[in-house]
Amino acid sequence: MVTNLPAEAKAKWVKYSDARTPEEKLKALQEFLSTIPKHKGTENLVYWVRRRMAELREEIEDRRAKRVGGGGPSFFIEKEGAAQVAILGMTLSGKSSILSRLTNAKPQIGDTPFTTKFPVPGMLIYEDVQFQLVEVPAIVKGISEGAIWWGPRVLGLARNADALMTVIDLSNDPLRQLEVIISELNKAGIYTVKPKGYVIIEKSKAYQKIRIINLGKLVGCTLDDIRKLLESYRIYNALVKTYGEVTLDDVERSIFENISYKPTMILANKSDILDEHVLDELLRSIKAEYTQLPVIATSAKTGYGLNEVPRTLFKVLNVIRIYAKEPNNESPSPKPLVLRDGVTVMDAVKHLRNELLQYFKYAKIWGPSAKYPGERVGLEHRLMDGDVIEVHTRIKAV
């Protein structure tokens, strides 16, 4: 059910939305929480507000510590390479050893629980593409509710990443580990499988009104209902995208928190310590429970299965490589553009240089999507992995 917040609560929410600093946001959320009616329909909202307040307190404390002491390890990892992938797992699952095996990183590896206290990055190479892997501190049950101090930071890293690599210990109830990890992610609005329906709201004064792009099916509501709900929260300028089967509850939830889907793969680690029969049974159980997620049996100790990881990650990320070629050059650039599968020539041109669009005449394509080498195509032509694109313009762009 829609929470049916009173006008006073909605006004407090607007105050939070307008706040700029963490301190202002925390104060506004405290006021907002005090005005929320306590009933079953608001349980999830109250939970989210309290979690967000905990995140803000952590952020304020971090800033205060940096001002006083400065330096030291940081939870912020700047993105590098074609994509950033967060390595998640419970303590002693082998995350650090996996990172060390797959990249040039030198994380601290030990038999003591919770050895990793800050994120550690490394670069994974797949053919001519680099992916940034970031090992993060361990997931524990209740991490989404503040059960451990680094909880908000770990979930923030997962939310910011382009994909997730979940490492489980096959020798220690792996299905239970996966259940805890995925449950904690879901509670934080991070999904490893696309939810049945979700909504993305982009608020900006650049939008002159509320524009709704329905890419799925509205259940029990209309476009006008969505507009009225948003306006009740004083949202008048926004682009709203709906995916899958969406209810008015889904729309309201998206006002308060960002729902994000992260492509995910599972590394079933420590396969070397199990006999073949037990290993096969466990893998069947995991794959039956998580049918939409690729599962690779690995051993950080022996290296078994790790050669499959780069190629599988490339598929999980659902990306393709496009190579740009200058009209007067014989060979394309050796460094590819790494773009989402399904992109068109228009998307590639925008990525190369947005101004080229106004001068665009045609493009020549060599590769899998071309009917013949050097085929002339327009902006709507769909590109494929390995294509070479040569852009021609009417006049030279300045």
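Miscellaneous remarks
- Residues in region 257-284 that are in a helix (DSSP H, G or I) and buried (at least 18 other Cβ atoms within 10 Å of the Cβ): Ser271, Leu282, Leu283.
- Hits in region 231-284 (condition: over 27 Å from Lys10 (Cβ atoms) and of a type in the set (Ser, Thr, Tyr)): Tyr261, Thr264, Ser271
- Summed over region 158-180, residues that are part of a helix (DSSP H, G or I), among the hydrophobic types (A, V, I, L, M, F, W, C) and crowded, with 20+ Cβ neighbours inside 10 Å total 2.
- Scanning region 287-310 for residues that are loosely packed, with under 15 Cβ neighbours inside 10 Å, more than 19 Å from the chain's Cα centre (by Cα) and among the polar types (S, T, N, Q) gives Thr291, Thr302, Asn307.
- Among the residues of region 352-376, the ones that are more than 29 Å from the chain's Cα centre (by Cα), under 18 Å from Arg321 (Cβ atoms) and not in a loop (DSSP other than H, G, I, E, B) come to 4 in all.
- Extreme residue, surrounded by the most Cβ atoms within 10 Å (Cβ to Cβ), among residues of region 382-398 that are under 15 Å from Ala324 (Cα atoms) and not charged (D, E, K, R): Leu383
- Pair list, Cβ < 8 Å and 6+ apart or interchain, from region 80-107 residues that are more than 13 Å from Asp169 (Cα to Cα) and free of Cβ contacts under 8 Å to residues at least 40 places away in the same chain to residues that are assigned to a loop (DSSP other than H, G, I, E, B) and not acidic (Asp, Glu): Leu99/Ala105; Leu99/Pro107; Pro107/Thr116
- Against the list (1) within 27 Å of Ala161 (Cβ to Cβ); (2) at pLDDT below 85, the condition Tyr16 fails is (2).
- Just so you know, in region 181-224 the residues that are buried (at least 16 other Cβ atoms within 10 Å of the Cβ) and of a type in the set (Phe, Trp, Tyr) include one that is farthest from the chain's Cα centre (by Cα), and it is Tyr198.
- First in region 33-44 and not assigned by TED's automatic domain parsing to the domain that holds Tyr233, second anywhere and of a type in the set (Lys, Arg), Cβ under 9 Å, 6 or more apart: Leu33/Lys12; Leu33/Arg50; Ser34/Lys12; Thr35/Lys10; Thr35/Lys12; Ile36/Lys12; Asn44/Arg253
- Some residue of region 225-245 being aromatic (Phe, Trp, Tyr) and over 26 Å from the mean Cα position of the chain (by Cα): yes
- Complete set of residues in region 221-243 that are among the hydroxyl-bearing types (Ser, Thr, Tyr) and over 25 Å from Ile36 (Cβ atoms): Thr222, Thr242, Tyr243
- Tally of residues being touching a residue at least 12 places away in the same chain (Cβ under 8 Å) and over 17 Å from Arg159 (Cβ atoms) across region 54-64: 3
- Unmet criterion (only one of (1) surrounded by 12 or more Cβ atoms within 10 Å (Cβ to Cβ); (2) in contact (Cβ under 8 Å) with a residue 12 or more places away in the chain) for Lys350: (2)
- Single residue of Lys241, Lys287 found to be assigned to a strand (DSSP E or B) and among the charged types (D, E, K, R): Lys241
The values are calculated or read from the model by the stated rules, or taken from the named source; none is laboratory data. Fair warning: this is a prediction, and the values are worked out from it, not measured in the lab. Reconstructed Cβ throughout: ideal geometry from the backbone, glycine too, with neighbour counts over all protein chains shown.
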